[in-house]
Each structure stands twice: as C-alpha cells, then as structure tokens.
Amino acid sequence: MDETVCEKLEELAMVIIANSGAARSGAFEALNEARNGKYESAEAFMKNAEESMQKAHEAHRVLLQMDASGQVTQTGILLCHAQDHLMGSALAKDLISEMILMYREMRQGG
C-alpha cells in the first residue's frame, strides 16, 4: 500500500474511533438523564449520539469502499480497534435507547 492510502486509512480509523466514542459517551449521558427523569435532556443526548454515529458510519462506508476497490491490501491493529469501537458503540446506543424507553414506561406506570 502506498503512503497516501496508509494515511487515509489512519485518518478514517481515527474519525471512526473519535465519533463512535463520542456517540457512546452521549448515549450513556442520555441514560443517566433518563434515570433521573429528564427525558428531554436524554433525547438531546441521544440525538447528538446519533449524529456522531452517522459520522463514524460514513467514515466506515468510505473504508469499505476502499477495501472493495482493492486499495486496502492489509489491515493493522488501528483499523481493528476502530471497528471494535464502532461495533461496541452501536450496540451500546441501541441498548440504551431501549433502556430509556423502559425508564419512561416504568415512570408512566406501564
């Protein structure tokens, strides 16, 4: 792989790591707000988390396109780390969304 492709891969990995981390943090902030009955604030945190996840997914899509076109001939630990962050954050965000609904339903009595 040439140096330009390697730099692009590193850049994409860092975008994925940073944005998926921000999404996960935002989702946990939302959960904390929901636990305290602050649903409007929780929704705002979840909206921000979703925006961060979209940025991470966009970078991941570019990475997949590069791989499909044959530009990626080897993967390193940084790309594996980025994929791990993305998967963990996506799972956390989805589960936290469900947990917030459960808090809301419990507080509303059913």
> Setting aside same-chain residues fewer than 8 positions from K93, which aspartates and glutamates have a Cα under 16 Å from its Cα?
Replying inline: E29, E33, E43, E50, E51, D84
>> Can you give the local net charge around I100? Use residues other than it whose beta-carbon is closer than 14 angstrom to its beta-carbon, Lys and Arg +1, Asp and Glu -1.
In response: -2
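Decide, for the chain, between rounded, prolate and oblate: order the square roots of the alpha carbon gyration tensor eigenvalues as a ≥ b ≥ c, take rounded if a/c falls under 1.5, and otherwise choose prolate if a/b is larger than b/c, else oblate.
prolate
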>> Below 12 angstrom from the Cβ of E43, what's the summed charge of the other residues (Lys, Arg +1; Asp, Glu -1)?
In response: -1
> Per residue, how much accessible area does region 1-88 have with a 1.4 Å probe, in Å²?
Replying inline: 59
>> Please report the carbon-and-sulfur percent of the accessible area for the chain; probe 1.4 Å, protein heavy atoms only, DNA, RNA and ligands left out.
In response: 55
> So what J values fall out for region 58-66 if you push phi through Karplus, 6.51 cos²θ - 1.76 cosθ + 1.60 with θ = phi - 60°, rounded to Hz, Gly and Pro as x?
Replying inline: 5, 4, 5, 4, 4, 4, 5, 5, 4
> Once phi is turned into θ = phi - 60°, what whole-Hz ³J(HN,Hα) does the Karplus curve with 6.51, -1.76 and 1.60 give for every residue of region 82-89, x standing for Gly and Pro?
Replying inline: 4, 4, 4, 4, 4, 5, x, 5
> Mean residue ellipticity at 222 nm from the helices of the chain, using -39,500 (n - 2.57) per DSSP H segment of n ≥ 4 over the full residue count, to the nearest 500 deg cm²/dmol?
Replying inline: -31000 deg cm²/dmol
> For the chain, with the dipole built from +1 on Lys and Arg beta-carbon atoms and -1 on Asp and Glu ones, taken about the Cα centre, which of A30, M87, Q71 lies farthest toward the positive end?
Replying inline: A30
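The values are calculated or read from the model by the stated rules, or taken from the named source; none is laboratory data. Just so it is clear, the model here is predicted, and its values are computed rather than measured. Cβ atoms come from the backbone with ideal geometry, glycine included; neighbour counts cover every protein chain shown. Just so you know, the surface numbers come from the protein's heavy atoms only, side chains and all, with ligands and any DNA or RNA stripped out. Shrake-Rupley method; radii C 1.70, N 1.55, O 1.52, S 1.80 Å.
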